[in-house]
Structures are given as C-alpha cells and as structure tokens.
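Below you'll find the structure, written out as structure tokens, and then a few comments.
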Amino acid sequence: MKTTTISFAFLLTTTSLVLSAEDSALREQATSAGLQPVPYGLQPVSDNPLTREKIELGRMLFFDPRLSASGFISCNSCHNLGTGGDDNMPTSVGHGWQTGPRNAPTVLNAVFNAAQFWDGRAEDLKAQAKGPVQAGVEMANTPEAVVVTLNSMPEYVERFGRAFPGEDDPVSFDNMAKAIEAFEVTLVTPNAPFDQWLEGNDGALSDNQKAGLELFLDKGCAACHSGINFGGQDYYPFGLIKRPGADILPPEDKGRFQVTETASDEYVFRAAPLRNIELTAPYFHSGQIWDLEQAVAVMGTAQLGTQLSDEEAATIAEFLRSLTGEQPVVEYPLLPVETAATPKPEL
C-alpha cells in the first residue's frame with residue numbers, strides 16, 4: 001500500500017511538472033508574440049494631466065445627453081458601459097433616427113489604442129470625443145452650442161473651473177473633450193483570465209482555451225492582434241488574402257482611404273482590439289456578423305488564407321472569451337440642473 005501511495009504521488013508530481021513546463025513554453029510564445037496583460041492604474045495621456053476633478057467632470061459629460069442637439073443622445077448611448085462599451089447594434093442610431101456608416105467600437109481599453117475610430121482619424125481620445133458631438137448622423141451639435149449649453153448651468157461652470165484651474169475661460173469645447181478623455185482613461189478591464197494566466201496562474205485558462213491560444217499564435221492571428229489590447233495598433237487591408245462579400249465589406253466604405261486619400265489605403269482598417277470581444281457583437285466595421293466563431297472563420301479566410309475548421313474556429317473563439325476582464329463599475333452621475341438659458345432640444 002505504501003509503495004502504491006508513493007508511486008501515485010510521484011505520478012501526480014511528474015504530471016504537474018510536465019503541464020507546468022507546457023504552460024511556461026506557451027507563455028513564452030505568447031509573450032514573444034507581443035501579447036501583454038492590461039495594467040492596473042491610470043495610463044498617462046498627452047497634454048492632459050489627470051486629476052480627480054477632471055475625471056469626475058468627464059464622467060458627467062460622458063452621460064449627459066444635452067451635449068447633443070436633440071438632448072437625447074450621450075456618449076453612453078453608443079458606448080454603453082453596461083453592454084461592453086458599445087451599443088451592440090450593427091451601426092448606431094443617431095440624430096433624427098439616422099444610422100451611422102460604421103459599427104461603434106468599444107470605449108473599454110480604448111486608451112491603449114494607437115489611434116481612434118476604424119480609420120484612425122483621431123489621434124487620441126480627446127480628438128475622438130469631439131467627432132460624434134459634431135457629426136450630423138450622431139449628436140448633430142456644434143462646439144459653439146455646446147459651450148452655450150455648459151455655460152448655462154452654474155454647476156458645470158464651477159466644475160470646469162476646478163478641473164482646469166488658472167484658465168481665463170475654462171468652459172470650452174477643447175476642455176470638454178479633455179475631461180471626457182480623462183474619464184475614459186479609467187475605463188479599463190484588467191485581470192482577465194488570460195492576464196492571470198500570463199502572469200503565472202496556470203489554472204486561469206482551461207485546456208481548451210490554452211489550445212485556442214496555441215492556434216491563435218500558430219495561425220498568425222497575433223501578427224495583427226497583439227499588444228495590451230490585442231489590436232488597435234496598426235492598419236491592414238480587410239481581405240488581405242481574400243476579400244469578403246459586400247455584406248461584410250461594403251464597397252462604398254473605403255476605410256482609411258477617406259483619411260489619407262492614398263490608393264494603397266483603400267479598404268484598409270485598424271485591426272480591431274479583441275479585449276472583451278465576447279461582449280461586443282456584432283463584429284467588423286460593418287457590424288454584420290453576430291457570431292464570434294463565424295467572425296473568427298471570416299478572419300481565417302480573409303486575412304490568413306486559411307480555411308479554419310469549425311472546431312478550430314470554436315477553439316480560438318473560446319480562447320478569445322478569456323480576454324474578458326473585470327468591467328469598470330461606474331455610478332450614473334446626477335447631472336447639473338438646467339436653467340432658462342439652457343438651449344431647448346432640437347429633435
């Protein structure tokens with residue numbers, strides 16, 4: 001009996017060492033491919049010192065529909081923090097029930113992207129914050145009207161003064177964008193199962209998820225989807241090997257070409273970040289694919305020239321679900337009270 005017990009213990013120890021070695025080798029492969037965990041703490045942003053007052057002001061502005069001409073649409077309308085930082089629609093509904101041309105990307109972890117929007121036309125989050133406010137199919141407002149609205153509410157005037165001390169005219173469109181950027185810096189999702197595993201917890205991923213990570217690396221997915229955000233760093237043709245059909249890749253949307261007017265940028269888009277991907281269907285800039293496994297299969301054919309089997313697509317998708325991190329807990333703010341001078345909604 002004693003010999004049997006010792007042999008069984010030896011077998012368990014040996015098996016554990018083998019599995020640990022396999023995890024270590026896979027972890028080294030993932031790190032070498034540029035995969036990184038989401039860090040804790042606030043990330044610095046350029047030309048915008050982060051303060052508690054600025055972050056709190058940005059939280060209020062993010063949820064305030066009065067930044068829109070209709071008084072109905074806020075940043076959170078299209079980047080709902082309760083549904084993965086997007087609106088879970090193919091394209092967002094904006095002013096006058098118009099629909100936008102592209103799927104709304106998640107705002108979660110957006111601070112880690114090299115640029116914002118599918119075509120990268122905004123260099124940072126504060127530049128991005130200005131776009132939807134002025135877009136006719138989104139919030140349909142003007143910088144001048146926004147400043148009038150904010151100045152009409154004494155609490156906002158006071159809060160802008162505290163967030164931007166020493167400025168002669170702190171209530172400005174630029175400062176509105178800076179405050180929203182400061183709040184969005186806090187919208188990160190650390191401690192995903194993958195992050196725990198990458199930092200040494202072998203049991204944080206299931207065997208199937210580890211197999212999916214191996215496929216993700218071996219098939220070449222990490223060539224475009226790497227870094228902290230598993231994407232969001234560079235631009236690639238959609239249909240590098242085989243162009244998808246018009247339902248997935250609308251021919252009228254030429255992507256980054258609309259920014260650079262360079263022929264080689266036709267149908268080029270920023271590699272979508274994959275963090276929290278299971279929460280942000282539908283997928284791609286056209287928002288036409290609702291199933292994560294199907295999205296993986298499309299990428300295999302279009303970008304890698306590989307016909308993934310159903311099992312392979314499902315296994316990679318299962319790994320991608322390990323990228324869902326701790327969601328930010330954000331209390332809905334009580335917004336400043338309107339006055340007689342506050343512009344009326346324009347529906």
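The values are calculated or read from the model by the stated rules, or taken from the named source; none is laboratory data. Note that the structure is predicted; figures quoted are calculated from it, not measured. A quick note on method: Cβ atoms are made from the backbone with ideal geometry, for glycine too, and the neighbour counts reach across all protein chains shown. To get the accessible areas, we keep the full protein, side chains included, count just its heavy atoms, and leave off ligands, DNA and RNA. Shrake-Rupley method; radii C 1.70, N 1.55, O 1.52, S 1.80 Å.
Scanning the range 260-283 for residues that are among the hydrophobic types (A, V, I, L, M, F, W, C) and surrounded by fewer than 17 Cβ atoms within 10 Å (Cβ to Cβ) returns a single hit, 263. Can you tell me which residue is nearest to residue 287 (Cα to Cα) among those in the range 63-88 that are touching a helix residue (DSSP H, G or I) at 6+ places or on another chain (Cβ under 6 Å) and crowded, with 22+ Cβ neighbours inside 10 Å? The qualifying residue nearest to residue 287 (Cα to Cα) is 84. Across the range 119-154, the number of residues qualifying as closer than 26 Å to residue 334 by Cβ, open to solvent by 50 Å² or more (accessible area, probe 1.4 Å), part of a helix (DSSP H, G or I) and in contact with a helix residue (DSSP H, G or I) (Cβ under 9 Å, 6 or more places away or on another chain) comes to 2.
Of all the residues in the range 322-342, those that are farther than 29 Å from residue 186 by Cβ and not polar (S, T, N, Q) number 2. Selection of first residues in the range 171-190 that are over 17 Å from residue 133 (Cα atoms) and of second residues that are part of a loop (DSSP other than H, G, I, E, B) and among the small types (Gly, Ala, Ser), restricted to Cβ pairs under 8 Å at least 6 apart or on distinct chains, gives the following pairs, ordered by first then second residue: 187/85; 188/325; 189/325; 190/325.
Tell me which residues, restricted to the range 305-339, are open to solvent by 30 Å² or more (accessible area, probe 1.4 Å), touching a residue at least 60 places away in the same chain (Cβ under 8 Å) and of a type in the set (A, V, I, L, M, F, W, C). Those that are open to solvent by 30 Å² or more (accessible area, probe 1.4 Å), touching a residue at least 60 places away in the same chain (Cβ under 8 Å) and of a type in the set (A, V, I, L, M, F, W, C): 330, 335, 337. Those helices (runs of 4 or more DSSP H) of the range 173-239 in which at least 3 residues are surrounded by fewer than 18 Cβ atoms within 10 Å (Cβ to Cβ) and not hydroxyl-bearing (Ser, Thr, Tyr), considering only elements entirely within it, cover 207-218. When the range 48-59 is limited to residues that are touching a residue at least 40 places away in the same chain (Cβ under 8 Å) and more than 20 Å from the chain's Cα centre (by Cα), the one that is nearest to residue 125 (Cα to Cα) turns out to be 48.
Scanning the range 240-252 for residues that are open to solvent by less than 30 Å² (accessible area, probe 1.4 Å) and free of Cβ contacts under 8 Å to residues at least 12 places away in the same chain gives no hits. Here residue 299 meets the list (1) in contact with a Cys (Cβ under 8 Å, 6 or more places away or on another chain); (2) open to solvent by 60 Å² or more (accessible area, probe 1.4 Å); (3) of a type in the set (A, V, I, L, M) almost entirely, failing just condition (2). A residue that is assigned to a helix (DSSP H, G or I) and among the hydroxyl-bearing types (Ser, Thr, Tyr) can be found somewhere in the range 75-82.
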